[in-house]
Amino acid sequence: METRRVLIPIDNTETAAHVIKFASTILNKGDEIILFHVYSSVFDQSNLIMTGEYQEAILALTDENQRVAQELLKKHIQSLLDMGYNARGIIQSGNIKELIDDTIQKEKIDLIVMGKRSGLNPVHRLLLGSVSSHVLNSCHVPVLIVP
């Protein structure tokens, strides 16, 4: 059996835990599981140049987002390791759609297992799009969407 490189994009929701649990039922112990999380950085969302206390507050918020992301990945990676899987994580900050495309290429991903966000109303889905829709339409590897 050939080892697959499996990317599981996650966020800090119950959906992520559900996707990981489901993936653990269909993946082989020899597969390499890469959990992927993109956290929000205020600098990613603004072109403003700030100084003084505003800059310090934004940096503190970004640091906190990164810390939460690290804890999230650590928890889920440990869970997979405890089940006997080969797992590691990637944390990045920026545009999730661009970063996921780059990661698929750089990591030579064979399969993507991800959840769909059910919280978007039709208007938000139209304006913002969804990450799962983007991945389905842009990547060239198999994608499994877990409801």
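The values are calculated or read from the model by the stated rules, or taken from the named source; none is laboratory data. Here the structure is a predicted model, which means the values were calculated and not measured. Neighbour counts run over all protein chains shown; Cβ positions are idealised from the backbone, glycine included.
Residues that are in contact with a strand residue (DSSP E or B) (Cβ under 7 Å, 6 or more places away or on another chain) and part of a loop (DSSP other than H, G, I, E, B) were ranked within segment 1-10; the one that is surrounded by the most Cβ atoms within 10 Å (Cβ to Cβ) is Ile10.
Residue by residue, here is whether (1) over 26 Å from Thr3 (Cα atoms); (2) touching a strand residue (DSSP E or B) at 6+ places or on another chain (Cβ under 7 Å); (3) modelled with pLDDT of 95 or more holds:
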position	(1), (2), (3)
Glu71	yes, no, no
Ile112	no, yes, yes
Gly115	no, yes, no
Leu127	yes, no, no
Ser130	yes, no, no
Val135	no, yes, no
His140	no, no, no
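Would you check if Gln66 is assigned to a helix (DSSP H, G or I) and modelled with pLDDT under 70? Against the criterion (assigned to a helix (DSSP H, G or I) and modelled with pLDDT under 70), Gln66 does not qualify.
Here the condition is being modelled with pLDDT of 80 or more, over 15 Å from Ala17 (Cα atoms) and part of a strand (DSSP E or B); of Ile104, Ile33, Ile91, it holds for Ile91 alone.
The residue pairs whose first member lies in segment 131-147 and is hydrophobic (A, V, I, L, M, F, W, C), whose second member is in a loop (DSSP other than H, G, I, E, B) and modelled with pLDDT under 85, and whose beta carbons are closer than 6 Å, counting only pairs six or more residues apart or on different chains, are Ile145/Lys116.
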